[in-house]
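Following: one structure in structure tokens, then a few remarks.
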There are 2 protein chains.
Amino acid sequence: MTTKVTPFEGCCGSLAADALGEADAVELADALKVLADPARLRLLSMVASSATGEACACDLVEPLGRSQPTVSHHLSILVDAGFLSREKRGKWAWYRAVPERLEMLRSALRA
Amino acid sequence: MTTKVTPFEGCCGSLAADALGEADAVELADALKVLADPARLRLLSMVASSATGEACACDLVEPLGRSQPTVSHHLSILVDAGFLSREKRGKWAWYRAVPERLEMLRSALRA
DNA sequence: ACAATACATTGACACACATCGATGTTCAGG
DNA sequence: CCTGAACATCGATGTGTGTCAATGTATTGT
């Protein structure tokens, strides 16, 4: 879960191609679990829809409506899973979306 | 969770278009939660990759390596979420994939 | 140095959920 | 009918996780 592994998502195999093995299924499920939370989806969406392409964590707490530790926690999970990248500048943490990671997940869900 | 609602998945809006509201995020997250489980991913994959386009529940228990009640439980969740359709024939339950449902999810994850 | 700010980490807690055994229900065959 | 098979439902249980308050850590400004 907290593995921070480089994701393969059974590259280029679709769900209908042939039956998923347990290991591949666990890996895909882990990736999906990361996005299967409203707070994380909104964070990813906020960062991805930012005009400048990046967003400061300090600007995400209030609109998300959750505590600062909770936001920090979710952002870490998104970074560990590769959906966001983090850059620390001064005392601020800036996040950018990693569209290729999302595309990788999307392609793993091809029918 | 057990809502069996017709899914919209915020039709035609992408994650990066603009920031997801809490309600849309909950709906998308609920759909992702359904697939964020190895057992359900494998069941969906088994049915989708079946040569005949359908699969009997009786043939899914053993390859999945989980108990019959557990398999039945997961299949119900997939049906309720619209990823599978169920047809009862005699004493057997036959399942078919619903590719449009998966495509709906995939498009909601557009970057 | 000191205070304040931004963020991460820790500990605790409530709740959700995947799983199984046992039981209920429905249906086909004899 | 009655038995067996296929599937669903129920109850219980252990594990995972989203959340927050409190605290720790780093960095800026005075």
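The criterion of being open to solvent by 50 Å² or more (accessible area, probe 1.4 Å), assigned to a helix (DSSP H, G or I), out of contact with any Cys (no Cβ under 7 Å at 6 or more places or on another chain) and not hydrophobic (A, V, I, L, M, F, W, C) holds for B:Asp24.
Those residues that are out of contact with any helix residue (DSSP H, G or I) (no Cβ under 8 Å at 6 or more places or on another chain) and within 11 Å of another protein chain (Cβ to nearest Cβ), I need them from the stretch A:43-58; list them, please. Correct list: A:Val47, A:Ser49, A:Ser50, A:Ala51, A:Gly53. With respect to (1) open to solvent by 10 Å² or more (accessible area, probe 1.4 Å); (2) touching a Phe, Trp or Tyr at 6+ places or on another chain (Cβ under 8 Å), the lone exception for A:Pro69 is condition (2). Against the list (1) modelled with pLDDT of 95 or more; (2) crowded, with 16+ Cβ neighbours inside 10 Å, the condition B:Ala111 fails is (1). Selection of first residues in the stretch A:78-98 that are closer than 15 Å to A:Asp37 by Cβ and of second residues that are within 11 Å of DNA strand C (Cβ to nearest atom) and assigned to a strand (DSSP E or B), restricted to Cβ pairs under 7 Å at least 6 apart or on distinct chains, gives the following pairs, ordered by first then second residue: A:Leu78/A:Leu84; A:Val79/A:Arg86; A:Leu84/A:Tyr95. Only one of the listed residues (A:Pro99, A:Pro38, A:Pro63) is at pLDDT 95 or above, open to solvent by 10 Å² or more (accessible area, probe 1.4 Å), within 9 Å of another protein chain (Cβ to nearest Cβ) and within 29 Å of A:Ala19 (Cα to Cα). That residue is A:Pro99.
Per-residue answers, yes or no, for (1) part of a helix (DSSP H, G or I); (2) touching a strand residue (DSSP E or B) at 6+ places or on another chain (Cβ under 8 Å); (3) open to solvent by 30 Å² or more (accessible area, probe 1.4 Å):
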position: B:Pro7; (1), (2), (3): no, no, yes
position: B:Asp18; (1), (2), (3): no, no, yes
position: B:Leu28; (1), (2), (3): yes, no, no
position: B:Leu75; (1), (2), (3): yes, yes, no
position: B:Ser85; (1), (2), (3): no, yes, yes
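For the stretch B:42-60, the tally of residues that are open to solvent by 60 Å² or more (accessible area, probe 1.4 Å) and either in contact with a Gly (Cβ under 9 Å, 6 or more places away or on another chain) or β-branched (Val, Ile, Thr) (or both) stands at 1. Evaluating B:Ser14 against the criteria (1) modelled with pLDDT under 95; (2) open to solvent by 20 Å² or more (accessible area, probe 1.4 Å); (3) within 13 Å of chain A (Cβ to nearest Cβ) leaves one unmet condition, (2).
Looking for whichever is among the hydrophobic types (A, V, I, L, M, F, W, C) and out of contact with any helix residue (DSSP H, G or I) (no Cβ under 9 Å at 6 or more places or on another chain) here; the options are B:Val71, B:Val61, B:Val79. Which one fits?
Values: B:Val71 fails: out of contact with any helix residue (DSSP H, G or I) (no Cβ under 9 Å at 6 or more places or on another chain); B:Val61 fails: out of contact with any helix residue (DSSP H, G or I) (no Cβ under 9 Å at 6 or more places or on another chain).
Selected residue: B:Val79, the only one of B:Val71, B:Val61, B:Val79 that is among the hydrophobic types (A, V, I, L, M, F, W, C) and out of contact with any helix residue (DSSP H, G or I) (no Cβ under 9 Å at 6 or more places or on another chain).
The values are calculated or read from the model by the stated rules, or taken from the named source; none is laboratory data. Treat the numbers as computed from the prediction; the structure is a model and nothing was measured. Positions of Cβ are backbone-derived with ideal geometry, glycine not excepted, and every protein chain shown enters the neighbour counts. Heavy atoms of the whole protein, side chains included, go into the accessibility calculation; ligands, DNA and RNA do not. Shrake-Rupley method; radii C 1.70, N 1.55, O 1.52, S 1.80 Å.
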